[in-house]
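Peer 1: Structure below; questions to follow.
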Amino acid sequence: MDTIEKQLYASPSNRRYLVVVTAIVLLLFIWSLTTINLQNVEGSGWKIGSSIIAGILSPDLELLFTFTTQGVPYLLVETIAIAFLGTIIGSMLAVPLAFLSASNVVPKPIAWVTRLLLIIIRTIPALVYGLMFIRVTGPGPFAGVLTIALVSIGMLAKLFVDAIEELDTSILESMTSIGCTTFEKIRYGIAPQLFSMFLSIIIYRFDMNLREASVLGLVGAGGIGAPLMFAMSAYRWNEVGSILIGLVVLILVVELCSNRIRNKLVRG
Amino acid sequence: MYDKIFPPKRLALPSGKVVAEKRSRTPSVLVLLLIALYFSVEFTGFELKILIDRWDEFFFIVLEMIPPQWDYFPRIWQPLIDTIKMSLLGSIIGSLVAIPVAFLASSNVVKNRLLVSSTKVFLSILRTMPTLVTALIATFVFGLGTFAGTVAIFIFTLAYVGKLLYEQIENVDMGSFEAMESLGMNRKQAFRYAIFPQVLPNYLSTALFCFEGNVRYAAILGYVGAGGIGLLLKEGIGWRDYASVGMILLMLVVTVFIIERVSEHFRKRLI
């Protein structure tokens, strides 16, 4: 047995741990298999599936290129507007909450309570908020904006906190040592470090919000979701196809742009 | 491009040398943002007045939820377990299927350009479909119930884990892969012994993270009839039985919190 082999066998064996974890995962897998019931699968499923695919392959071109309030372009612009406005309001609300839950800024108990609040905000599904806001504003894109704003707070604040807690404090110390005031320290020491990070996080969230906004229509909170739902329940697969194509193209384009901008922001 | 529209400012240094200072982009970006903001307000009918007048309506519902209706718990239990099972099954199968798909989508392992780019396009189209829309389509094809929800979660997991995995595979150190190939292994064997161990911890951590998110998604899938707790949520809101809704949301928050803690524990161990 040469030295290399000795080293190989000397490495700590965590086989037992691995086996136990694998066994647990397998058990969970088998346990969750019991949820599948195929009784509801009907023979018509294949027919519907193939007609969906046919609809997507031959979309309703008229709907895809008309610029009235019924057309896909208008609905997409409305969805973008909901996501945009919601992201801006959400990020404005998330900044103070993030500072309140950063453990290097405020005392521990306050940070803990704010975090709990953020977890609760993050867990409640967007559709529930949508239904609640419809009571405030009536159905329409306005309710969508408020929903998106509230939903984005949770994740934005969490990522903001990570950025704040990783703040390089040695810069602040050196600024103190050359006699900067508190305002100057915030303006030239903290803001430049955080601004590009925050912006990058906000753009990322805008990307996600676009997806959220596209399903809020299901509860009547504006955007492209409602026409999609109607077209589906009426089995008009050509319309479904054109709406889905518009949505997919839009989300892909926005994602491409946002990735470019974020790369630029992070690399400076 | 930008520097041509707004030419850089020329400064003459005391030494006589002329340097160019590029114009700041902040003002024009701000103007663009303001224009976008104005149009968004127009399009969505955003009115601060309504918000100020009626914001208390929102908290009216929140107050109705407190205290939650405790004896509703036995009815929630089964759908909640169903929700967890749906997301667990979808996540496990999805992340397993993601391995071969990600293998096909990584340009440093598979040399067939067409195959690589078509797999990538396929993955990104799957990823852009909102989960709720996938679930809705799935209920049409597979009928109402948990199976449709599982399919929707499976598709989302496949797309998400697949994308992150092929990015990791493409960024991997190729030295050991080449060494294995030079020893006479074929590409699949070299992938198994050189690349897979490198990406394994990250892959498991991604899959766990995806599972966490899936529990949250699965909670609303019932809204379109795809099984789980969403159906009760829809019922409760439809009947304005907000105390029961409060109980459902409370259970959901507790469950998600526990799952997040557990998965965070394992993710920290992995990396």
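Peer 1: Return the total of residues in the stretch A:109-146 being more than 7 Å from chain B (Cβ to nearest Cβ) and either among the basic types (Lys, Arg) or more than 12 Å from B:Thr44 (Cβ to Cβ) (or both).
Peer 2: Residues flagged as more than 7 Å from chain B (Cβ to nearest Cβ) and either among the basic types (Lys, Arg) or more than 12 Å from B:Thr44 (Cβ to Cβ) (or both) within the stretch A:109-146 amount to 18.
Peer 1: Please count how many residues of the stretch B:142-154 are more than 12 Å from the chain's Cα centre (by Cα), aliphatic (A, V, I, L, M) and in a helix (DSSP H, G or I). Show your work before the answer.
Peer 2: Start the filter on the stretch B:142-154 by keeping residues that are more than 12 Å from the chain's Cα centre (by Cα), which leaves B:142-152, B:154.
Pick out the ones that are also aliphatic (A, V, I, L, M) and you get B:144, B:148, B:151-152.
Then drop every residue that is not in a helix (DSSP H, G or I), which leaves B:148, B:151-152.
The qualifying residues number 3.
Peer 1: A further question follows. Taking B:Ala138, is it aliphatic (A, V, I, L, M), surrounded by 14 or more Cβ atoms within 10 Å (Cβ to Cβ) and away from chain A (no Cβ under 14 Å)?
Peer 2: no
Peer 1: Mind telling me which of the residues B:Val109, B:Val161 ends up being farther than 25 Å from A:Leu247 by Cβ and more than 14 Å from chain A (Cβ to nearest Cβ)?
Peer 2: Answer to the check: B:Val109.
Peer 1: Right, another one. For the stretch B:6-27: of the residues being at pLDDT 75 or above and among the hydrophobic types (A, V, I, L, M, F, W, C), which is nearest to A:Ile261 (Cα to Cα)?
Peer 2: Per the criteria, the residue is B:Ala20.
Peer 1: For the stretch A:152-243, give me every one of the helices (runs of 4 or more DSSP H) that falls completely inside it and has 1 or more residues that are under 20 Å from A:Phe84 (Cα atoms), of a type outside the set (D, E, K, R) and within 11 Å of chain B (Cβ to nearest Cβ).
Peer 2: Per the criteria, A:191-216, A:225-233.
Peer 1: Would you please name the residue that is nearest to A:Arg205 (Cα to Cα), looking only at residues in the stretch A:63-89 that are in a helix (DSSP H, G or I) and more than 13 Å from every other protein chain (Cβ to nearest Cβ)?
Peer 2: Selected residue: A:Val72.
Peer 1: Considering B:Gly213, B:Gly227, which residue is in a loop (DSSP other than H, G, I, E, B) and within 13 Å of chain A (Cβ to nearest Cβ)? Give the steps one after another, and end with the answer.
Peer 2: On the way: B:Gly213 fails: in a loop (DSSP other than H, G, I, E, B).
Of B:Gly213, B:Gly227, the one residue that is in a loop (DSSP other than H, G, I, E, B) and within 13 Å of chain A (Cβ to nearest Cβ) is B:Gly227.
Peer 1: Looking at the stretch B:30-79 only, could you name the residues that are aromatic (Phe, Trp, Tyr) and away from chain A (no Cβ under 11 Å)?
Peer 2: Answer for the stretch B:30-79, where residues must be aromatic (Phe, Trp, Tyr) and away from chain A (no Cβ under 11 Å): B:Trp70, B:Tyr72, B:Phe73, B:Trp77.
Peer 1: Turning to a different aspect of this structure: Just a yes or no: is a residue in the stretch B:86-98 within 9 Å of another protein chain (Cβ to nearest Cβ) and closer than 27 Å to A:Met132 by Cα?
Peer 2: Scanning the stretch B:86-98 turns up at least one residue that is within 9 Å of another protein chain (Cβ to nearest Cβ) and closer than 27 Å to A:Met132 by Cα.
Peer 1: Also: Output the number of the condition that B:Val121 fails; it satisfies all remaining conditions of (1) among the β-branched types (Val, Ile, Thr); (2) over 27 Å from B:Val224 (Cα atoms); (3) touching a helix residue (DSSP H, G or I) at 6+ places or on another chain (Cβ under 8 Å).
Peer 2: Against the list (1) among the β-branched types (Val, Ile, Thr); (2) over 27 Å from B:Val224 (Cα atoms); (3) touching a helix residue (DSSP H, G or I) at 6+ places or on another chain (Cβ under 8 Å), B:Val121 comes up short only on (3).
Peer 1: Select from the stretch A:124-146 the residues that are touching an Asp or Glu at 6+ places or on another chain (Cβ under 8 Å) and in contact (Cβ under 8 Å) with a residue 60 or more places away in the chain and write down the one among them that is nearest to A:Ile202 (Cα to Cα).
Peer 2: It comes out as A:Ala126.
Peer 1: Still on this structure, I have one more. Check A:Asp60 against each of (1) away from every other protein chain (no Cβ under 14 Å); (2) loosely packed, with under 15 Cβ neighbours inside 10 Å and name the one condition it does not meet.
Peer 2: Evaluating A:Asp60 over (1) away from every other protein chain (no Cβ under 14 Å); (2) loosely packed, with under 15 Cβ neighbours inside 10 Å leaves (2) as the failure.
Peer 1: Is it fair to say B:Leu114 is at pLDDT 90 or above and either out of contact with any Lys or Arg (no Cβ under 6 Å at 6 or more places or on another chain) or within 18 Å of A:Trp31 (Cβ to Cβ) (or both)? If you could, list the steps in order and put the result at the bottom.
Peer 2: Values: at pLDDT 90 or above: yes; either out of contact with any Lys or Arg (no Cβ under 6 Å at 6 or more places or on another chain) or within 18 Å of A:Trp31 (Cβ to Cβ) (or both): yes.
Yes.
Peer 1: Can I ask one more? Spot the failing condition for B:Pro68; the list is (1) under 30 Å from B:Val254 (Cα atoms); (2) more than 31 Å from the chain's Cα centre (by Cα), and only one is missed.
Peer 2: That leaves (2) as the condition not met.
Peer 1: A further question follows. Name, by its number, the condition in (1) in contact with a Phe, Trp or Tyr (Cβ under 7 Å, 6 or more places away or on another chain); (2) of a type outside the set (S, T, N, Q); (3) modelled with pLDDT of 80 or more; (4) closer than 21 Å to B:Ala135 by Cβ that does not hold for A:Tyr74.
Peer 2: So A:Tyr74 meets the others, but not (4).
Peer 1: Please specify each residue of the stretch B:145-165 satisfying the condition of being among the hydroxyl-bearing types (Ser, Thr, Tyr), touching a Lys or Arg at 6+ places or on another chain (Cβ under 8 Å) and modelled with pLDDT of 90 or more.
Peer 2: Result: B:Tyr160, single match.
Peer 1: Now, a different point. Does A:Leu93 meet the test of being within 12 Å of another protein chain (Cβ to nearest Cβ) and in a helix (DSSP H, G or I)? I'd like the intermediate steps shown before the answer.
Peer 2: Working: within 12 Å of another protein chain (Cβ to nearest Cβ): no; in a helix (DSSP H, G or I): yes.
No.
Peer 1: What's the total number of residues in the stretch A:241-265 that are over 29 Å from A:Leu61 (Cβ atoms) and under 16 Å from the mean Cα position of the chain (by Cα)?
Peer 2: Final tally of qualifying residues: 2.
Peer 1: Being surrounded by 12 or more Cβ atoms within 10 Å (Cβ to Cβ) and either in contact with a Cys (Cβ under 6 Å, 6 or more places away or on another chain) or not β-branched (Val, Ile, Thr) (or both) is the filter here, so list the residues in the stretch B:35-51 that pass it.
Peer 2: B:Ala36, B:Leu37, B:Phe39, B:Ser40, B:Phe43, B:Gly45, B:Phe46, B:Glu47, B:Leu51
The values are calculated or read from the model by the stated rules, or taken from the named source; none is laboratory data. Since the model is a prediction, treat every value here as computed from it, not as a measurement. Glycine also receives a Cβ, built like all others from the backbone with ideal geometry; neighbour counts cover every protein chain displayed.
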